[in-house]
Number of protein chains: 2
Amino acid sequence: MEQLKQAIRDRGKVLSSNVLKVDTFLNHQVDVNLMAAVGQEFAHLFKNEKITKVLTIESSGIAPSFMAASTLGTPLIFARKKKSLTMNDNVFVSKVYSFTKQETNEITVSKDFLLPGDSVLIIDDFLANGQAALGLVDIVKQAGAKVAGIGIVIEKSFQDGRSKLEEAGYRVESLARVHSLENGQVTFVDELISNNL
Amino acid sequence: MEQLKQAIRDRGKVLSSNVLKVDTFLNHQVDVNLMAAVGQEFAHLFKNEKITKVLTIESSGIAPSFMAASTLGTPLIFARKKKSLTMNDNVFVSKVYSFTKQETNEITVSKDFLLPGDSVLIIDDFLANGQAALGLVDIVKQAGAKVAGIGIVIEKSFQDGRSKLEEAGYRVESLARVHSLENGQVTFVDELISNNL
């Protein structure tokens, strides 16, 4: 998605060969027009999958998922990283290990909102090693529902998240695939292909 | 806002005389059409305030703020309850005491995104004792910016948040004002007025 790649080039900041900071438009300040376009693109890509629910994870997944759910005409569910005060024990739980924080967190979704027969589009802001996406997949499977696909805003293609998800049989659509952050430069996968590198 | 009050009546759950659970449409599962209407209503109410930024707090503030920022043509900023890994020390911080959790948390906003001269619309999902809203107000003031107003999805009018904010001189617009949750029943402030109770 060219508009997104341009935002990453112009407004992203490469902090290291592994860390891309996009808090100017995605995960702290939100460019709502860009995120609306991102959501519509997800809706377009998965329009034939008879999606009944869009599932993401708080907080940064909410903005890029909002217009996807709106366009597909489905509810949006965001998994909780921390159980809320009004949440009871009627929840699906999955453990998600964070390599960057080196800790395991539980994500939870109320059993009221995912049902057998649901066809679920999972959306997240980043795909790196795939742990968060696999946690969401696990929750959808606990519900007896179907994972219709996984939509990612920014994929770090130099990590193995995509291959893990594809090996598990899931369709992954990433709107920007970052090949490398070496030397403070962002290069995208499709630039490599178009340049025959 | 009648559509919101109807959702509270039909899909909210009164857990106690103090706790209203709305995770069917607001803070876990999101009714994106209703939240889009909520956001547009905020944009309408504050359309003459020359808003330059919409500020909310993760996670439940993001969905009702999304369309407000989109309609007003401004960025949306969500304050972080936990500093993210890519956040440096260039942040405004405010302490927010939670009466329900009986703990103090710090909320943070990068100094890059709030500037003197900004006219800021603060939006939050609930207003009870006003601590979260006052924390956001504090951050706007630290930035030297102006609080143009405060938009609340659901106000618990039997708590003192509104009076604190109004005494401090701020305009508060709540789309649903809950007078009472006694006896498992939701009654709204404007129902009292229209019934002359």
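The values are calculated or read from the model by the stated rules, or taken from the named source; none is laboratory data. This one's a predicted model, so the numbers in the text were calculated from it and none came from an experiment. Counting neighbours? That spans all protein chains shown, and the Cβs are built from the backbone with ideal geometry, glycine included. The area values use the complete protein model at the heavy-atom level, side chains included, leaving out ligands, DNA and RNA. Shrake-Rupley method; radii C 1.70, N 1.55, O 1.52, S 1.80 Å.
Note down all Cβ pairs under 9 Å where the first residue falls in segment A:140-158 and is without any contact (Cβ under 8 Å) to a residue 40 or more places away in the chain, the second is in a loop (DSSP other than H, G, I, E, B) and open to solvent by less than 10 Å² (accessible area, probe 1.4 Å), and they're at least six residues apart or on different chains. As it stands, the answer is A:Gly144/A:Leu114; A:Phe158/A:Leu181, since those pairs meet every condition given.
Can you report the number of residues in segment B:33-66 which are among the aliphatic types (A, V, I, L, M), facing another protein chain (nearest Cβ under 9 Å) and either over 23 Å from B:Gly135 (Cα atoms) or surrounded by fewer than 20 Cβ atoms within 10 Å (Cβ to Cβ) (or both)? Counting residues in segment B:33-66 that are among the aliphatic types (A, V, I, L, M), facing another protein chain (nearest Cβ under 9 Å) and either over 23 Å from B:Gly135 (Cα atoms) or surrounded by fewer than 20 Cβ atoms within 10 Å (Cβ to Cβ) (or both) gives 2.
Checked against (1) under 12 Å from the mean Cα position of the chain (by Cα); (2) without any contact (Cβ under 8 Å) to a residue 60 or more places away in the chain; (3) within 12 Å of another protein chain (Cβ to nearest Cβ), B:Asn105 meets all criteria but (1). Set side by side, the residues B:Gly135, B:Gly130 differ, and just one is buried (at least 20 other Cβ atoms within 10 Å of the Cβ) and on the phi > 0 side of the Ramachandran plot, which is B:Gly130. Taking the conditions exactly as written (more than 9 Å from every other protein chain (Cβ to nearest Cβ), crowded, with 19+ Cβ neighbours inside 10 Å and without any contact (Cβ under 8 Å) to a residue 24 or more places away in the chain), does A:Val91 satisfy them or not? So A:Val91 passes the test. Test A:Thr71 against the criterion of being β-branched (Val, Ile, Thr), open to solvent by 20 Å² or more (accessible area, probe 1.4 Å), at the interface with chain B (Cβ under 10 Å from one of its Cβ atoms) and within 23 Å of B:Ile122 (Cβ to Cβ), and give yes or no. The answer is no for A:Thr71. Of all residues in segment B:12-24, those that are within 7 Å of chain A (Cβ to nearest Cβ) and crowded, with 23+ Cβ neighbours inside 10 Å total 0. Every condition in (1) under 29 Å from A:Asp31 (Cα atoms); (2) part of a loop (DSSP other than H, G, I, E, B); (3) more than 8 Å from chain B (Cβ to nearest Cβ) is met by A:Gly117 except one, and the failing one is (1). Quick check on B:Leu76: is it under 17 Å from the mean Cα position of the chain (by Cα) and either open to solvent by less than 60 Å² (accessible area, probe 1.4 Å) or of a type outside the set (Ser, Thr, Tyr) (or both)? In short, yes. Scanning segment A:120-130 for residues that are in a strand (DSSP E or B) and of a type outside the set (A, V, I, L, M) gives A:Asp124, A:Asp125, A:Phe126.
For segment A:170-197, which residues satisfy the criterion of being within 17 Å of the chain's Cα centre (by Cα) and more than 19 Å from A:Thr56 (Cβ to Cβ)? I'd like the intermediate steps shown before the answer.
So the first thing to find is which residues in segment A:170-197 are within 17 Å of the chain's Cα centre (by Cα), and the list is A:170-178.
Hits for segment A:170-197 are A:Arg177, A:Val178.
Considering only residues that are open to solvent by 20 Å² or more (accessible area, probe 1.4 Å) and in a strand (DSSP E or B), look in segment A:153-173 and name the one that is nearest to A:Lys111 (Cα to Cα). Steps first, please.
Of all residues in segment A:153-173, those open to solvent by 20 Å² or more (accessible area, probe 1.4 Å) come to A:156-160, A:162-164, A:166-171, A:173.
When the remaining residues are screened for being in a strand (DSSP E or B), the result is A:156, A:173.
Working: A:Lys156: 31, A:Glu173: 27 Å.
Residue satisfying both the conditions and the ranking: A:Glu173.
Exactly one residue out of B:Lys111, B:Lys83 is in contact with a Ser or Thr (Cβ under 8 Å, 6 or more places away or on another chain), more than 10 Å from chain A (Cβ to nearest Cβ) and basic (Lys, Arg): that is B:Lys83. Taking (1) farther than 23 Å from A:Asn27 by Cβ; (2) open to solvent by less than 70 Å² (accessible area, probe 1.4 Å); (3) over 16 Å from the mean Cα position of the chain (by Cα) in turn, B:Ile150 satisfies each apart from (3). Of the residues making up segment A:79-88, those that are aliphatic (A, V, I, L, M) and either surrounded by 16 or more Cβ atoms within 10 Å (Cβ to Cβ) or at pLDDT 95 or above (or both) number 2. Do the conditions hold for A:Asn27, that is, is it over 18 Å from B:His28 (Cα atoms), touching a residue at least 40 places away in the same chain (Cβ under 8 Å), within 10 Å of chain B (Cβ to nearest Cβ) and not aliphatic (A, V, I, L, M)? Considered against the rule, which asks whether it is over 18 Å from B:His28 (Cα atoms), touching a residue at least 40 places away in the same chain (Cβ under 8 Å), within 10 Å of chain B (Cβ to nearest Cβ) and not aliphatic (A, V, I, L, M), A:Asn27 comes out as yes. Against the condition crowded, with 21+ Cβ neighbours inside 10 Å, modelled with pLDDT of 95 or more and charged (D, E, K, R), how does A:Asp112 come out, does it pass? Judged against the criteria, A:Asp112 is not a match.
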